[in-house]
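The values are calculated or read from the model by the stated rules, or taken from the named source; none is laboratory data. Since this is a predicted model, take the numbers as computed values, not measurements. Positions of Cβ are backbone-derived with ideal geometry, glycine not excepted, and every protein chain shown enters the neighbour counts.
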Amino acid sequence: MIQLKNITRVFEIGEKPVYALKNINLNIKSGEYISIMGTSGSGKSTLLNMIGLLDRPTEGKYFFDNQDVSSLDDNALARIRLQKIGFIFQFFHLIPRLTAMQNVEMPLMLGGTPSFSRKDKVSAILKSVGLEKRMNHRPNQLSGGERQRVAISRAIVNEPSALLADEPTGNLDSQSGKEIIHILEDLYNKGITLIIVTHDPEIGKRAIRQIKMKDGEIISPDHEHL
Amino acid sequence: MNIYDIFLQTLITLKSAGTRTILTLLSMAFGVGAVIILTGIGEGARLYVVNEFSSLGSNLIFIVPGRSETTGGQPSVFIGDTPRDLTIEDAIAITRHPNVARIAPIVAGEAPLSYGSRERQAPIMGTTSDFLELRKLKMEQGSFLPKIDPTTAMSVCVIGSSLKKELFGNASPLGQLVRIGDWRYRIIGVISPEGESIGVDLDEIIIAPVASSQMFFNTNSLFRIMVETTNRENIPAVKKHILETIKKRHYGEEDITIITQDAVLSTFDNIIKILTIAVAGIAGISLIVAGILIMNVMLVSLSQRKTEIGLLKAIGATNQQITTLFLTESVFLSFYGAILGLIIGIGGNSLIMFYYPAFPIKTPLWAIFISIFIGIFTGLTFGILPAMKAAKVDPIQSLYGR
């Protein structure tokens, strides 16, 4: 489903080029459970953003569902993000003035689904993550764990094929963190491709396939997958 | 994203910004309100002048001696040389046309008027009996000038109502003799209070037969001749007749100027319209200020919502959708500001009308349309920059706070 070929990403910081990603080759099949680990600055978030089509490679080719996405324009990329990719962030990134329900509705709204056919779908998803009583609360009325569950609901409301989570538990206590991981793994069990970026080995180890990164390179690829 | 959702999101955002939204709306509202009130006052002034003129009667022609053309000489000379005066005989000659209803030759000047020990300076106007109907005046007491041959002098006069009050108080002036200059005149009537009309205060005036006044001022000439046609459509025909008659009588010289009311009216009309536009234009500058304020508010909002924009992009919003959301917000601000301004403007005009009922204030319809148009236009113009900046937000930078 995802093929990265010789991907390099260079940031120009001052005069000096910084290689965030160096010559990355990575194949991800549909329905995999992958963790990307590494220290801060190892390039793991950049890799995730690359996979999630938020960033463009400086060099190399990227195939998403066998389509070369390196050459697509912004709108086409936005379309793919909307329909096929779900994002989860460490800091939840919910829109503060919208209720849980409205936050989850947002991707449907962007896709042009009319209001009357959104409500049922959104309530069903919020119910499935245990927030049926919190649907009309705003983010500041929710706990961290609840906020992340809203964010997960928002990520999966368009039924994407890949779920990308960047330190999803990084801002949560261990109990809420565990619950979040369970929700994500449930989704994996139902067939979604799950990619988690983390520096927490406990969480990283749970993944079927573990990728370790250092200085913009994959240092422990499990070669059988390449 | 459908229109309903765009509007809903805009309303939620503007509502959550609370005070800032209200202040921005007010800035726009005061700009639009000022334009509407000022154009209302301008339009009111125009209507006032138009009404004043039509109270004179709408089918009047004024004949003024001299030709209105540039003749060199003193710059203060607006009207050309007057080689020949207008005379009462000229006026009589003009009446010989089927479409001339009535005519009033006029001599004007000022003289001391005294009754007993009281004396005051008063404008004196010499004319004929037709003047009463021509100017649509009413008599308070007695009768107007008698219907006599205009060339005949007669020592009678009619006075304005405030002049009567000053000289006679509540006593009847009819039949009393007053001294005007070196002459004695008998008062035969008092004109009903009229108020000021185009600069001439008819309440303060003495009206005497035209021949007597010419004698009094020791002149043969007329100040002007007022001609009333049988109806409006005949004005051009009468004008032609007047020119031909005067030309014949003045040995081939067309040495008069004919002023129709339409011409005077349209001159005033134009002047006031231009003034109104100028004043409204000055008020319009406040709309630009309001527009810049909207831009500023949107830019502040943009910098506060960068993370949110990054998020929207990450979950699949296109650049156009972000632009649309921001533009809609600024258009909402300016549009609803303009609507609020419309209410302020119309309310302000009603308030002026309430306190000054004599002044016919009227908000012209075009001002309403223009203010709504400006409302949308300002929002679009000043919203473009923030909206384009919003679309350019880099999702990674904004989401990771780099």
Hey, among A:Gln148, A:Gln175, A:Gln102, which residue is part of a helix (DSSP H, G or I), more than 19 Å from A:Leu54 (Cβ to Cβ) and touching a residue at least 40 places away in the same chain (Cβ under 8 Å)?
-> A:Gln148
Just need a number here: residues in the stretch B:127-141 that are under 29 Å from the mean Cα position of the chain (by Cα), buried (at least 20 other Cβ atoms within 10 Å of the Cβ) and not in a helix (DSSP H, G or I).
-> 1
Name every residue in the stretch B:243-277 that is touching a Phe, Trp or Tyr at 6+ places or on another chain (Cβ under 6 Å) and β-branched (Val, Ile, Thr), in order of residue number.
-> B:Ile259
Inside the stretch A:40-78, can you point out the residues that are surrounded by fewer than 16 Cβ atoms within 10 Å (Cβ to Cβ), out of contact with any Lys or Arg (no Cβ under 8 Å at 6 or more places or on another chain) and outside any loop (DSSP other than H, G, I, E, B)?
-> A:Glu59, A:Gln67, A:Asp74, A:Asn75, A:Ala76
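Answer yes or no: is there a residue in the stretch A:95-109 that is at negative phi, of a type in the set (Gly, Ala, Ser) and within 13 Å of chain B (Cβ to nearest Cβ).
Within the stretch A:95-109, the first condition is being at negative phi, and the residues that meet it are A:95-109.
From what's left, of a type in the set (Gly, Ala, Ser): A:100.
Still in the running and within 13 Å of chain B (Cβ to nearest Cβ): none.
Within the stretch A:95-109, not a single residue is at negative phi, of a type in the set (Gly, Ala, Ser) and within 13 Å of chain B (Cβ to nearest Cβ).
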May I ask you to list pairs of residues, at least six apart or on different chains, whose Cβ atoms are under 9 Å apart, with the first in the stretch A:35-57 being facing chain B (nearest Cβ under 8 Å) and the second being surrounded by 20 or more Cβ atoms within 10 Å (Cβ to Cβ) and aromatic (Phe, Trp, Tyr)?
-> A:Gly52/A:Phe87; A:Leu54/A:Phe87
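Based on this model, can you work out whether B:Ile207 counts as modelled with pLDDT of 90 or more and either assigned to a helix (DSSP H, G or I) or under 37 Å from the mean Cα position of the chain (by Cα) (or both)?
Working: modelled with pLDDT of 90 or more: yes; either assigned to a helix (DSSP H, G or I) or under 37 Å from the mean Cα position of the chain (by Cα) (or both): yes.
Spelling it out, B:Ile207 is indeed modelled with pLDDT of 90 or more and either assigned to a helix (DSSP H, G or I) or under 37 Å from the mean Cα position of the chain (by Cα) (or both).
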Could you please find all residues in the stretch A:110-128 being more than 8 Å from chain B (Cβ to nearest Cβ), touching an Asp or Glu at 6+ places or on another chain (Cβ under 9 Å) and either within 25 Å of B:Gln304 (Cβ to Cβ) or hydrophobic (A, V, I, L, M, F, W, C) (or both)?
-> A:Val122, A:Leu126
Residue check, B:Lys273 touching a strand residue (DSSP E or B) at 6+ places or on another chain (Cβ under 9 Å) and in a helix (DSSP H, G or I) | no
Answer yes or no as to whether A:Leu4 is within 14 Å of chain B (Cβ to nearest Cβ), more than 23 Å from A:Gly170 (Cβ to Cβ) and in contact with a helix residue (DSSP H, G or I) (Cβ under 8 Å, 6 or more places away or on another chain).
-> no
Scope the stretch A:145-168; condition in contact with a Ser or Thr (Cβ under 6 Å, 6 or more places away or on another chain) and more than 14 Å from chain B (Cβ to nearest Cβ); matching residues | A:Gly145
Which residues, taken from the stretch A:129-144, are surrounded by fewer than 19 Cβ atoms within 10 Å (Cβ to Cβ) and either free of Cβ contacts under 8 Å to residues at least 12 places away in the same chain or within 14 Å of chain B (Cβ to nearest Cβ) (or both)?
-> A:Glu132, A:Lys133, A:Asn136, A:Arg138, A:Asn140, A:Gln141
B:Ala314 passes all but one of the listed conditions (1) away from chain A (no Cβ under 14 Å); (2) touching a helix residue (DSSP H, G or I) at 6+ places or on another chain (Cβ under 8 Å); the exception is number (1)
Quick one: how many residues across the stretch B:1-27 are farther than 13 Å from A:Leu98 by Cα, surrounded by fewer than 19 Cβ atoms within 10 Å (Cβ to Cβ) and more than 10 Å from every other protein chain (Cβ to nearest Cβ)?
-> 8
